[in-house]
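K.L.:
Here it is, the structure, as structure tokens.
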Amino acid sequence: MILNCSRSSDSKVSDQFIAKLSVTDDSLPSPYVGYNLYVKTNNDSVIVSNVNSLHEIYSDHYQTEFKDFHSFLTALLKNNFKISEGAVSNHNYGAFLSDKKITGLPVESIVKKYFDQDKNSKKYYFYPQTLSYNTKQTILYKMFLDGYLVSFDDYGGKFIIE
């Protein structure tokens, strides 16, 4: 889990995780590229992205607004800044509107209703075949906001939440 004690936002993404994400090498993909990152847009939709794409958006659109990539990520992932729809229009992102009925649920309710759990590794598995895109992404977004890492296993066709 990536927890944070900050009460200034609804996101519990830790400062340590953001610090790891913000270390970039333009010649190599980030070792954290496999994690889904969820950020709000200026029209209140949410996009699913990754650290490499956010770095590209930062370089193309926000370098003058933020002192560095770390500051940009902190503002985005702590929900203190909304990214412009125009900045992401050239990228293929899955945008969705979060469902307040789902984001208002306790994590325990979501885990019980939607996830399989691997008790040995404390990971959750999510197989959302019958859910709408919006519902699926809102569930994953809620887990992200609560400090969980979200990734997708192409081979198994499942999301891994840890």
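What follows is calculated from the coordinates using simple rules that are stated; it is not laboratory data. Predicted model, so just to flag it, every value in this text is computed and none were measured. Glycine also receives a Cβ, built like all others from the backbone with ideal geometry; neighbour counts cover every protein chain displayed.
K.L.:
Assign unit charges at the C-beta atoms only (+1 for Lys and Arg, -1 for Asp and Glu), then state the dipole size of segment 14-161 relative to its Cα centre in Debye, rounded to the nearest 20.
P.N.:
In debye, rounded to 20, segment 14-161 gives about 720.
K.L.:
Can you tell me the mean projection area, over all orientations, of the convex hull of segment 15-96's alpha carbons? Units nm², please.
P.N.:
Averaged projected area of segment 15-96's Cα convex hull equals 5.1 nm².
K.L.:
Whose amide H sits under 5 Å from the amide H of Tyr148, counting only residues 5 or more places off or on another chain, with H placed in the peptide plane?
P.N.:
Under 5 Å from the amide H of Tyr148: Ile2.
K.L.:
Could you work out how far apart the two model spin labels at Leu131 and Tyr155 are, taking each label as a point 7 Å from the Cα in the direction of the beta carbon, and quote it in nm?
P.N.:
2.4
K.L.:
Got the relative contact order for the chain handy, in percent, Cα pairs under 8 Å and 6 or more residues apart?
P.N.:
Once divided by the residue count of the chain, the mean separation gives 28 percent.
K.L.:
Please report, in debye to the nearest 20, how large the charge dipole of segment 62-112 is about its Cα centre when each Lys and Arg carries +1 at its beta carbon and each Asp and Glu carries -1 there.
P.N.:
Using Cβ point charges on Lys, Arg, Asp and Glu, segment 62-112 gives about 180 debye.
K.L.:
Given only helices, namely DSSP H runs of n ≥ 4 each adding -39500 (n - 2.57), what is the per-residue ellipticity at 222 nm of the chain, to the nearest 500 deg cm²/dmol?
P.N.:
After summing the helix terms and dividing by residue count, I get -8500 deg cm²/dmol.
K.L.:
Using just the C-alpha positions of the chain as equal point scatterers, what log10 of I(q)/I(0) does the Debye formula give at each q in 0.17 1/Å?
P.N.:
Ignoring solvent entirely, the Cα scatterers give -1.06.
K.L.:
On to the next question. At q = 0.11, 0.14 Å⁻¹, what log₁₀ I(q)/I(0) does segment 100-161 have when each alpha carbon counts as one equal point scatterer in the Debye sum?
P.N.:
So the normalised log intensities work out to -0.21, -0.35.
K.L.:
Also: Give me Rg/Rg_expected for segment 46-92, where Rg uses Cα atoms only and Rg_expected = 2.2 N^0.38 Å with N residues.
P.N.:
Expressed relative to 2.2 N^0.38 Å, the Cα Rg reads 1.02.
K.L.:
³J(HN,Hα) across segment 60-71 via Karplus (A = 6.51, B = -1.76, C = 1.60, θ = phi - 60°), whole Hz, x for Gly/Pro?
P.N.:
Rounded to whole hertz, the list is 7, 10, 10, 4, 7, 8, 10, 5, 6, 4, 4, 5.
K.L.:
Additional query: Which listed residue (Tyr124, Leu37, Asn50) has the Cα farthest towards the positive end of the charge dipole for the chain, taking +1 on Lys and Arg C-beta and -1 on Asp and Glu C-beta about the Cα centre?
P.N.:
Checking the options against the dipole of the chain, the answer is Tyr124.
K.L.:
For a quick check: with amide H placed at 1.01 Å from N, whose amide H comes under 5 Å from Lys158's, ignoring anything fewer than 5 positions away on the same chain?
P.N.:
Those lying under 5 Å, H to H, from Lys158 are Asp153.
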